[in-house]
Amino acid sequence: MNEKVRTLLSTGEEGTRLGSLSQIEDGGFAEAEATLDGDAESLILHRDGDHVRAWLNICPHAGRRLDWAPGQFLKSRDGHLVCAVHGATFETTDGLCIAGPCRGESLRPVAVEVQDGEVVLTPEPPPTP
């Protein structure tokens, strides 16, 4: 992954730029850093065409990062995200673990959207009743 994709952010405010859509390969992953709720967090970004999904870069199994090196993620032949530590396998549509030690658990989503070719933080969706 291109080092330019790793971006250090100083705030977690709505509209904070995480990177350019063009810097993320379609179907690929990237890492960005942001401050969310006052804490510095590593994020996983996954591009699907003109859309991007994001999750905290923390495996629900052991609380460790999923990348094997900063910004370097494993992808299965089927396009799933794979934790480099224990092999947990996650869907890229919703972050659900479909195989491995945390099967049935999910990555914690982070609200993002693409605006004018830039991936930006957006307000968290309201909790479901």
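The values are calculated or read from the model by the stated rules, or taken from the named source; none is laboratory data. As the structure is a computational prediction, the values presented were derived from the model and not from experiment. Virtual Cβ from ideal backbone geometry, glycine too; neighbours counted across all protein chains shown.
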Name the pairs whose Cβ atoms lie under 7 Å apart, with the first residue in region 61-78 and in contact (Cβ under 8 Å) with a residue 40 or more places away in the chain and closer than 12 Å to F29 by Cβ, the second aromatic (F, W, Y) and assigned to a strand (DSSP E or B), and 6 or more positions between them or separate chains? F73/F29; K75/F29
Among what's in region 43-70 and is part of a strand (DSSP E or B) and either among the aromatic types (F, W, Y) or at pLDDT below 95 (or both), pick the residue that is farthest from the chain's Cα centre (by Cα). A69
So which residues in region 92-129 are assigned to a loop (DSSP other than H, G, I, E, B), crowded, with 17+ Cβ neighbours inside 10 Å and out of contact with any Ser or Thr (no Cβ under 6 Å at 6 or more places or on another chain), if there are any at all? T92, C102, L107
Does T128 meet the test of being more than 15 Å from F29 (Cβ to Cβ), touching a strand residue (DSSP E or B) at 6+ places or on another chain (Cβ under 8 Å) and modelled with pLDDT under 95? no
Region 99-127 residues that are under 13 Å from L56 (Cβ atoms), paired with ones that are aromatic (F, W, Y) and at pLDDT 95 or above (beta carbon under 8 Å, 6 or more apart): S106/F90; L107/W55; L107/F90; R108/W55; P109/W55; V110/W55
Which one is surrounded by the fewest Cβ atoms within 10 Å (Cβ to Cβ) among residues in region 28-40 that are touching a residue at least 40 places away in the same chain (Cβ under 8 Å) and in a strand (DSSP E or B)? L36
